[in-house]
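Data block below; observations after.
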Amino acid sequence: MKKRYIVLIVVAAIIFVLSPVALIFTGIMIDIKMDSEVQIEIDSYRLCENAYGDDVIIVKYLLKNEGKEPTTLWNEGDFYVYQNGVSLTEYYEDVPKEWDYNMEDQNRSIKGGYEYYAEIAYLLEYPDEDVEVEVDDYGWSNSKKTKVFKLK
């Protein structure tokens, strides 16, 4: 019987000692979650044609930074664009001025409390087939957002 009481006292003492540690750890985790409140939305798209006659889709994303620290679009998620289950290639070269496209927007730092639109261009494989856009959010919940754009 005495052994049970001793075990109970030891367990209670361990819980008592670890409780503040658990509370501090929980507080840190809640603070981290509050600091990482950044959301990415898949907004819209537009179609263009490059100088070589290739079709290009420009996908527009909205970055909402509700956290405390500045961040960029690329720091907050992975971006995938597919046609028929195959990923499309990002388009970087020979961007005509009439597209009004600035690939630097993807890397702009956005302060906490602000939101910003940024676009990413991709070469289309099939100009008449649906495009599926996915964003794997790096946030605490690691959510995946998907949107399908019907081109025709």
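Placing a pseudo-label 7 Å from each Cα along the Cα-to-Cβ vector at N102 and Y138 gives an inter-label distance of 2.3 nm. Which of rounded, prolate or oblate describes the range 38-149 when judged by the alpha-carbon gyration tensor and an a/c cut-off of 1.5? Note, shape of the range 38-149 comes out oblate. Fully extending the segment from K147 to K68 would add 25.6 nm, taking 0.36 nm per residue of separation and subtracting the current Cα-Cα distance.
Charged neighbours of N102, selected by a Cβ distance under 15 Å, balance to -4 (K, R count +1; D, E count -1).
Once you keep just the Cα pairs under 8 angstrom separated by 6 or more residues, what percentage relative contact order results for the range 53-152? Don't skip to the answer; put the middle values down first.
Numbers: 186 pairs, mean separation 38.3, N = 100.
It comes to 38 percent, rounded to a whole number.
Each of the peptides 105-118, 64-77 was scored by the mean count of other Cβ atoms within 10 Å over its residues; in descending order, highest first, they stand as 64-77, 105-118.
The Cβ shell under 15 Å around D130 holds other residues with a net charge of -3, Lys and Arg each +1, Asp and Glu each -1.
Rounded to the nearest 20 debye, the dipole size of the range 38-149 about its Cα centre is 600 debye, using +1 on the Cβ of Lys and Arg and -1 on the Cβ of Asp and Glu.
Phi angles across the range 83-100 convert, under the Karplus curve 6.51 cos²θ - 1.76 cosθ + 1.60 with θ = phi - 60°, into 3J(HN,Hα) values of 10, 6, x, 10, 5, 8, 8, 5, 10, 10, 9, 6, 7, x, 4, 5, 6, 6 Hz, Gly and Pro given as x.
Rule-based calculations on the coordinates, nothing more; no lab input. No experiment lies behind these values; they were computed from the predicted model shown. Quick reminder, even Gly has a Cβ in these numbers, built from the backbone with ideal geometry, and neighbours come from all protein chains shown.
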